[in-house]
1. Given 0.36 nm per residue, what is the gain on full extension from Ser235 to Met1 after removing their alpha carbon distance, in nm?
2. Could you please report the charge total around Glu258, scoring K, R as +1 and D, E as -1 over all other residues with beta-carbon less than 10 angstrom from its beta-carbon?
3. With a cut-off of 8 Å between alpha carbons and a minimum separation of six or more residues, what is the relative contact order of region 186-279 in percent?
4. Determine the gain in length on full extension of the stretch Ser120-Val102; use 0.36 nm per residue of separation and subtract their C-alpha separation, reporting nm with one decimal.
5. To the nearest 10 degrees, how steep is helix 201-214 against the longest Cα principal axis of the chain, on a 0 to 90 scale?
6. Sort 56-62, 269-275 by packing, meaning the average of other beta carbons within 10 Å per residue, with the highest value first.
7. May I ask for the distance between the Cα centers of region 145-206 and region 210-224, given as a whole number of Å?
8. Any idea what angle helix 151-163 forms with the longest principal axis of the chain, computed on alpha-carbon atoms, 0 to 90 degrees, nearest 10?
Amino acid sequence: MKIVNSIEQLRKLLNRQVRQRQTVGFVPTMGFLHEGHLALVKKAREENEIVVMSIFVNPTQFGPGEDYATYPRNEQRDAALAAEAGVDIVFMPDKDEMYPRVGDIQIFPGKQAEVLCGASRSGHFDGVLKVILKLFNIVDPDRSYFGMKDAQQLAIIETFVEDFNFRTTIERVPTVREKDGLAKSSRNVRLSPKERSEAPVLYEALQLGKKQLEQGKEASVVEHEVAQLIENKTSGAIDYVALLAYPSLQPLTADSEEAILACAVNFEKARLIDNVIVKLKDELPCSE
Ligand code: AMP
């Protein structure tokens, strides 16, 4: 496995002539790797000849007062895990390599970023789109892999790719969880032991909500009950519990086929997010 820190060096390695007809699968991350990230690599490894992972804690997607400085980092461990998982090239640029000057050009997502995390993390998805645009231009992947754990990010990136005709496809990978249901996240290490024992309630509550929706319970009642459960059984402060159409992230209508039931909860040193996707309409029966 090659570790590359400069854009120029990465471009040389991924030059069209060098790569010939081999496809490039790309896994962008902020590092402190866990099995969620490795599930993305596994899929990329199965579907491509070359697998590139980026590890970059992107400052532009953190707001003032958020955890950019304290975001967990461990480059050596990440490199070992990436190599073991079959990554061919790890791209680990530093901040100056990616942002050599304060850029004047901003990118703004549309309506999909007005809700959920976009509503409480002002500018977060502007920063995500900025780094993704740069990374897509640098790596020029055939397929790019994103986790459903960050379902809003995934939906916004899908729209970005469609709206601006990027060459890459976007591949969705299901959320990988701990045995007790907690979604794997680099931020989980920042939970206190007590918070860690409470955190599986997020997924429990979302699953309960999903069951209620499938049984026909009204959306606002479900949102309320999910929030109640999280509030009663954890010490975290709820940022949101919301049910929306997916991937449009607009309010549900009679035509919505899929919904997302999502939550964000602020614990003392870690903000946790999770979601479940709910099918609202059965698949059409085969026409035979
Ligand atoms: P991050 O390093 O947290 O920015 O995540 C990098 C990529 O890994 C994103 O596409 C995430 O959605 C994905 N990811 C993070 N956690 C998980 C998980 N538990 N299961 C699946 N994918 C994940």
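1. 80.0 nm is the gain from fully extending Ser235 to Met1.
2. Net charge around Glu258: +1.
3. The value is 30 percent.
4. 4.1 nm
5. Relative to the chain, helix 201-214 is tipped by roughly 60 degrees.
6. Top of the packing list down: 269-275, 56-62.
7. Distance between centres, Cα-based: 22 Å.
8. 60
Read-outs throughout are calculated quantities, based only on the coordinates presented, and are distinct from any laboratory measurement. Nothing here was measured: the structure is a model prediction, and the numbers come from that model. FYI the Cβ positions are ideal-geometry reconstructions off the backbone, even for glycines, and counts take in every protein chain you see.
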